[in-house]
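A short worksheet on the structure shown next.
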Amino acid sequence: MNKQWNGLLFDLDGVLVDTAKYHFLAWKQLADRLGIPFTLKDNERLKGVSRMASFEIILEIGGRSMTQEEKEACCAEKNAIYVEYLKKLREDELFPGVRDFMEDARKKGYKTALGSASKNSMMILERLGITDLFDAIIDGTKVSAAKPDPEVFTAGARELGLRNEECIVFEDAVAGVEAAHRGGMAAVGIGTREALPKAEIVIPGLNGYHIEDITRLLAESGV
Ligand code: B16
Ligand code: MG
């Protein structure tokens, strides 16, 4: 018998919208000021990683060290720049097919939650006009442990009133796939198999998919 899935947990950046490009522009502006070389390739290492952990990677690239106070000031400086970009985020930046996929799944009885590291999640959902597509919103302001710790997803399942095993996680980052597995959930990778070797299944994006396609692919993969 096929497994009964009841909850869908969505990462934000890289699954619903590309905010990574704005994170990059903001980090780049800070890195330039600090005289640290920072490239788009370096930015890949920051995906799914918390704000402070991202800055620590940038300091490591520059071979620099700072006091905790200085690091916090730099993170605040970067966030202020990032928020200015978010103020200009448009509804049409929502990835294609996301709204249809989620509305369809919700009509079919699935519960939905956000599971994002971003402390700016609420603002992003509001700018995209999709806040009401979620039964629960778990973001960086609500959890203390960052992915690959499963907290952001297990808190989502709990708020939906579901067991972890009933939930499917949609993730674009390796740390997020690991978080899903550590929480006892199945992971649908958004991206390429090369980038997400451990996800149960990988699709390029939600566009054109229905929830039945996902549960069928999961069943075929042996979950
Ligand atoms: P903030 P996700 C993550 O979002 C981003 O991928 C990551 O690059 C960022 O550092 C992190 O959120 C924290 O974001 O600075 O807005 O709190 O992929 O977990 O949705
Ligand atoms: Mg992500």
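We did not get these values from a lab; they are worked out from the coordinates using the rules stated. Treat the numbers as computed from the prediction; the structure is a model and nothing was measured. Reconstructed Cβ throughout: ideal geometry from the backbone, glycine too, with neighbour counts over all protein chains shown.
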The long-range amide H neighbours of Val188, using H built 1.01 Å from N in the peptide plane and a cut-off of under 5 Å, are Val169, Phe170, Glu171
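To make sure I understand, if each residue's beta carbon is the centre and we count other beta carbons within 10 Å, what order do Ile211, Ile124 fall in, fewest to most?
In increasing order of surrounding Cβ atoms, one gets Ile211, Ile124.
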Long-range alpha-carbon pairs in segment 20-86, meaning those over 15 Å apart, account in percent for 44
Quick calc: nm separation of the 7 Å Cα→Cβ label points for Glu165 and Asn207 -> 3.7
Scattering profile of segment 134-191 from the Debye formula, Cα beads only, expressed as log10 I(q)/I(0) at q = 0.14, 0.17, 0.24 Å⁻¹, is -0.31, -0.47, -0.95
1/(1 + (r/R0)^6) with r = Cβ-Cβ of Asp132 and Glu77, R0 = 45 Å, i.e. FRET efficiency to nearest 0.05, evaluates to 0.85
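Ranking Cys167, Cys75 by Cβ neighbours within 10 Å, fewest first, what do you get?
Starting with the residue having the fewest Cβ neighbours, the order is Cys75, Cys167.
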Listing His210, His181, His23 by rising number of other beta-carbon atoms within 10 angstrom, fewest first, gives His210, His181, His23
As straight-line cross-link partners of Lys147, the qualifying lysines (C-alpha separation under 27 Å, not fewer than 8 residues apart within one chain) are Lys3, Lys21, Lys28, Lys41, Lys47, Lys71, Lys78, Lys87, Lys111, Lys119, Lys198
Per the rule of 0.36 nm per residue minus the C-alpha distance, extending Thr192 to Glu56 adds in nm 46.3 nm
Using alpha carbon centers only, segment 79-115 is separated from segment 136-163 by a whole-angstrom value of 17
Expressed in angstrom, Rg and Dmax over the Cα atoms of segment 92-180 are 12.6, 34
Highest GNM mean-square fluctuation among Ala173, Ala73, Ala187, for the chain with Cα springs under 10 Å, belongs to Ala73
In degrees rounded to 10, the 0-90 angle between helix 151-160 Cα long axis and the longest Cα principal axis of the chain is 40
Semi-axes in Å, largest first, for the chain (Cα gyration tensor, √(5λ)) are 31, 18, 16
